[in-house]
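Below is one structure, written out as structure tokens, with a few remarks after it.
Quick note: the coordinates plus some simple rules give every number you see, no bench work behind them. These numbers were taken from a predicted model, which means no experiment stands behind them. So basically every Cβ, Gly included, is an ideal-geometry build from the backbone, and we count neighbours across all protein chains shown.
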DNA sequence: TTGAAAGCGCTACCAG
DNA sequence: CTGGTAGCGCTTTCAA
């Protein structure tokens, strides 16, 4: 197994120095934008760089103790909208801050060696790392910001507020019998583990939002109007069936995820309900499908790209020795589309 | 702008050597699995590594000329299903081949410095790089495989065959008036550039498939049944409107992309056509929404994950000095769902 | 089978 | 302002 040489740019800093007739050190200074170089010299060096086609060798730089201006993103599953939206925002921010950004996928069994990117990058952005299998701290760069994950500096979305927005919309429309399809009942909790920490939990927060909205509106919370799903379309269908085939079905459904909401819409239609005339449905997430489906789904938008941006900004601040302040939960926004309308028979 | 030290694992190879009472060289040999180390010695070293918690420094290794077992993926837009599916497959393959895989997003204006990952990785996988702005070859690692992009070793999908599958399905159903919504008319070609190379072009290939299928079936090709879109849902709507509001509208539509197909379905419905009873619609891509929409879209599936896998396998072969054979176009598969049915009035 | 020497290309540190 | 001197942690090459 002989390997072909990787002949990328054999031009070194020394070559440039020779070409410019200065010392390597001066070239280094120019490259790193130190302001202790006479303009004339700087120009000479710049020309030499241009002429030789020199490119820094980041490894050598890193080895020698320089900064890498590299941020790595660690995330499982890139093909889910969630992570890729955040990454998109992060990439934009990195671009403007003149940092490079690479993404590493955490494949299931943690065989892959994070050490390379870990050591090479000045900071890491964790997106939705699985609740279990957290990494030892030594396996990550010094600076870490996480989006929807554990850690010192987690960025979260205002799930509670989002739920209240959704409910308020339904309430304003005049609905009084509002069903709820929740996310995982015991998200991430092992049955035997006695509920480890008072951990933030999307599903619970949205659930609370539902409950509180009802109460604030002076409405009765009815268990028969609450179902649990697992965020899949299929589970949304089942939950909707349970909710809508009761004698006195709800006239609106708040669903804790867009996929489930779509399932709910389809099930409702199969059951002979028109959406939104007979039953209104609100989702949560604002995935691409929400806008593309029909009726287009009214849902709660999460500022994922924005969160990616902020995460990178915080990271860079951290890397450069500042102390960014920890932002509160990111506000959600209700996107009203076609799946909601006033109830046909006003209460 | 003082920077905190990045104190990752200060244990070096020398430390391990000292701990084991051997020379650094021997430790290096053990780590790299050379078979010129006596088992006893090897064990000693292994224990020392364990005890000290040593991890190799990939940068130093790379600097000194070692291999990185790192593959980087270069792609624009990770939040489009296309790229992320390919990446998913690539990640899986990399995992089993014991390579690391990182993704770099090519943001619009190519400010970002590819040199880091380029020099660090042994090979690169290009996914759908924009037709313009191709990189200088020196900006990429020695070994490159591309998926749906230019380059020496491009992996392509059998667009022509896929189109024929879709058409055959419609033909078998008994349709004789079949409309076509094509992709970009002059994909990627600048108006002033005189059609640069005889470049492979998805839209054209699918178009050819449509034409040939019609002819082979002894059917007349009618210009009024052909429209062009730009792969957006909106353009699909417009194209469908043009097609379906004619006096003698087609009873089936083959649409060259799922987004456009969705648009076509919705427009058809708005125009009073039932899908599939009044008009059948077939898409191309098999995006997640295809299965989630209603009626679920019959469409042509592309083996994107599989292509990612193969790409990485080829890359690794290349990196390790072998010469993988160039696979032909990847076969597509027609996924029949709910948006197609026989025409109501058989020809 | 093992180890000493010599860098890889760069940056810190301190001298000129 | 500029440049020498030392490494960073590893892997080559070649002796022992």
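Numbers for the structure displayed
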{"read-out": "Rounded to 10°, Cα long-axis angle of helix A:233-244 versus longest principal axis of chain A", "value": "20 degrees"}
{"read-out": "Percentage relative contact order, chain A, counting C-alpha pairs under 8 Å, at least six apart", "value": "17 percent"}
{"read-out": "Listed residues B:165, B:313, B:246, most fluctuating in chain B (Gaussian network, C-alpha, under 10 Å)", "value": "B:246"}
{"read-out": "Averaged over A:68-74, number of beta-carbon atoms from partner chains that fall within 10 Å", "value": "2"}
{"read-out": "For residues of B:98-104, the mean tally of beta carbons on other chains within 10 Å", "value": "6"}
{"read-out": "Residue-averaged 222 nm ellipticity for chain A, from DSSP H runs of 4+ at -39500 (n - 2.57), nearest 500", "value": "-11500 deg cm²/dmol"}
{"read-out": "Antiparallel DSSP beta bridges within the protein assembly as shown, percent to nearest 5", "value": "10 percent"}
{"read-out": "Test item: B:49-55 mean partner chain Cβ contacts at 10 Å", "value": "1"}
{"read-out": "Radius of gyration and maximum dimension Dmax of chain A, Cα, Å", "value": "26.4, 90"}
{"read-out": "Potential lengthening between residue A:34 and residue A:232 on full extension [0.36 nm per residue; Cα-Cα distance subtracted]", "value": "65.8 nm"}
{"read-out": "Inter-copy label distances at residue A:51 (7 Å, Cα→Cβ; nm, one decimal)", "value": "5.6"}
{"read-out": "DSSP-defined antiparallel bridges as percent of all bridges, chain A, nearest 5", "value": "10 percent"}
{"read-out": "Kirkwood Rh, Cα atoms: Rg over Rh of the stretch A:270-309", "value": "1.13"}
{"read-out": "Kirkwood Rh (inverse of mean 1/r, distinct Cα pairs), the stretch B:298-347, angstrom", "value": "13.9 Å"}
{"read-out": "The stretch B:201-347 - percent relative contact order, Cα under 8 Å, separation 6 or more", "value": "20 percent"}
{"read-out": "Computed Kirkwood radius, in angstrom, where 1/r is averaged over Cα pairs of the protein assembly as shown", "value": "28.3 Å"}
{"read-out": "With eigenvalues of the C-alpha gyration tensor scaled by 5 and rooted, the stretch A:212-264, Å", "value": "20, 13, 8"}
{"read-out": "For q = 0.09, 0.13, 0.16, 0.17 Å⁻¹, Debye-computed log10 I/I(0) when each Cα of the stretch B:216-347 counts as one equal scatterer", "value": "-0.34, -0.61, -0.80, -0.87"}
{"read-out": "Overall form of the stretch B:7-51 per C-alpha gyration tensor (a/c, 1.5; a/b vs b/c)", "value": "prolate"}
